[in-house]
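Please read the structure below before turning to the comments.
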Amino acid sequence: MGCGAGAQLGGPSPGNGSLSAVIVAAMTDGGAGRAAPAPRDRDDAGRARNARPRDGLGRPLPYGAPGVERAPEGVRRTPDATLSEAQRLLDAGMPFHAHEVLEDAWKQAPSTLRGLWRGLAQLAVGLTHALRGNTTGARSLLIRGTASITPYRDRPPHGVDVAGLLRWSTNLTEQLDVGAVPDVPRLCGQGAATPMQP
């Protein structure tokens with residue numbers, strides 16, 4: 001038998017045997033007693049957006065649980081305002097939320113600076129993974145973030161301490177397997193990195 005020449009997968013199909021009946025049955029569970037999946041959360045523009053509250057590291061919490069306020073998406077900030085807000089969130093132990101602020105800058109930046117903002121966002125996500133105990137994810141994002149910001153080392157824009165962040169990222173990457181508490185990175189060289197508050 002060739003393709004579609006009477007071949008059946010998984011036994012007889014519900015309804016009239018058409019592919020559409022199989023799809024409808026799969027989507028509605030064919031009345032087998034299981035509820036259909038809940039509708040997805042959507043933002044005002046209709047885009048999928050998880051509306052569950054989040055903890056300080058961006059992990060979803062159950063609906064109705066108290067969470068931390070999320071950084072609004074798509075906010076246009078100056079580079080200085082972006083760096084200031086991201087640093088405030090990092091200092092507060094909320095690197096996932098700092099990444100959202102940096103991601104806005106990445107999406108809005110001119111092409112010559114997108115690598116810098118992407119790299120800063122990746123470093124923040126790497127720190128998030130490290131604090132969550134996901135060493136594999138942390139290592140991957142720290143390496144990618146380091147690669148993204150390295151081209152800006154000799155002429156760092158907006159006062160970003162690229163050399164300091166490269167040292168911080170390398171140090172954190174080396175310490176991932178020993179479970180050390182990561183330091184808070186300093187985005188603009190405002191002093192030495194400080195230990196994260198557990």
Next item on the list: Can you tell me how much longer the chain between residue 61 and residue 161 gets when fully stretched, taken as 0.36 nm per residue apart minus their C-alpha distance, in nm with one decimal?
Entry: 32.6 nm
Notebook entry, point to check: For residue 77 and residue 171 in the same chain, what is the full-extension length gain: residue separation times 0.36 nm, less their Cα-Cα distance, in nm?
Noted result: 30.8 nm
Note to self: If I stretch the segment between residue 107 and residue 136 completely, what's the gain in nm (0.36 nm per residue apart, minus their alpha carbon distance), one decimal?
What the structure shows: 7.9 nm
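Readers should treat all values here as calculations from the given coordinates under stated rules, not as data from a laboratory. Computed from a predicted structure; not experimentally measured.
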